[in-house]
Amino acid sequence: MKIQPLVTKSLAKQISENIRDAILVGELKVDDRLPTEEELAARYEVSRPTIREALKRLAAQGLVRSKRGPAGGTFIDRPSQEAMRSSLTGAATLMVSLGEFDLEQIAEARQEMEVVCVKLAAKRRDEADLVRMAKEIETQKRNALSDEDFCASDVRFHRALVDAAKNPMLQFVMFAVIEALQPVMNMVIYRFRNRDQVVEQHQRIFDALSAGDSISAAEALLDQMACLREQYAQAQAWRQEREMGDKAV
C-alpha cells in the first residue's frame, strides 16, 4: 500500500482517505488485514489516537471491521448493499430538502430510468416478481386503505418492478428514487391522486409484463408518469393559491 504525504489539516481524515483509495484501486482487498495501530502510527508518523480516529471513519463507511483475539485485528470489509442503499437514500432525501433538485427533475429522472427497468422486466421477470406486483395491486383496491398505506403500496409495486429487471446496478441506483424520492412526490400529489386510475395503470403495467410485452409496458409506465406530472402541476397551483390567499389576509 502506497503511503501518501500528509498535510496538517485533519490527519485522521487524510489517513482514512488514503486507505480508502487503496481499497478502491485494489491494493487492499476484502479480508486483507491492516497493519496494527502501532505500525500504522509509525508509517504515517502520527499518534495512535489519530489512527484510531481514521479507522473509526472507515468503519462508519463499512470498509473495515475489527476482530478481537489472537487472530484478531482490523480487516478490510465488504460494505453491505443495504447499508450503501440506506446511505444513498439518506443523501437523496437531504438533497431534496435542501432544494438541490425539484420534483420535476425527479420525475424526469425516474421516468427515463424506470422505462429502462420496465423494458428489461418484460423479458426477465419471473413468477415471484409477478406475484409481488399482483399482491400490491390487490392491496391498492381496498377502499379502507389509508393514504399513507396506499403510497407505501405504490412504492412496493415499483420496487418490485425494478427488481424484476434483474440488473443489480439499476436496482442500486433506483433504490434512492423509489425509496426516498417517490414518497416525497407522493406526499405532494396525494390530494390530487385518483386511486382507481393508479390501480388501472398498475394493472396495465402488470398485464404487459405478464405477456412479456415491453412496448405496452413502457407505454403504460409513460402514461402514469404523465399523470404524475399533471398532478404535480395541480399541487403547485394549489399551493400558490394558498400562499396568495395568506398574503391577502
Scan region 239-249 and tell me whether some residue there is touching a residue at least 24 places away in the same chain (Cβ under 8 Å) and not in a loop (DSSP other than H, G, I, E, B).
no
Answer yes or no: is there a residue in region 143-152 that is part of a helix (DSSP H, G or I) and hydroxyl-bearing (Ser, Thr, Tyr).
no
Of all the helices (runs of 4 or more DSSP H) wholly in region 35-119, which have at least 3 residues that are farther than 30 Å from Ile189 by Cα, modelled with pLDDT of 90 or more and not assigned by TED's automatic domain parsing to the domain that holds Gln224?
37-44, 48-60
Report, by residue number, each residue of region 200-209 that is within 26 Å of the chain's Cα centre (by Cα) and either without any contact (Cβ under 8 Å) to a residue 12 or more places away in the chain or surrounded by fewer than 18 Cβ atoms within 10 Å (Cβ to Cβ) (or both).
Gln203, Arg204
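The values are calculated or read from the model by the stated rules, or taken from the named source; none is laboratory data. The structure presented is a predicted model; accordingly, all values stated were derived computationally and were not measured. Every residue, glycine among them, receives a Cβ derived from its backbone with ideal geometry; neighbour counts consider all protein chains shown.
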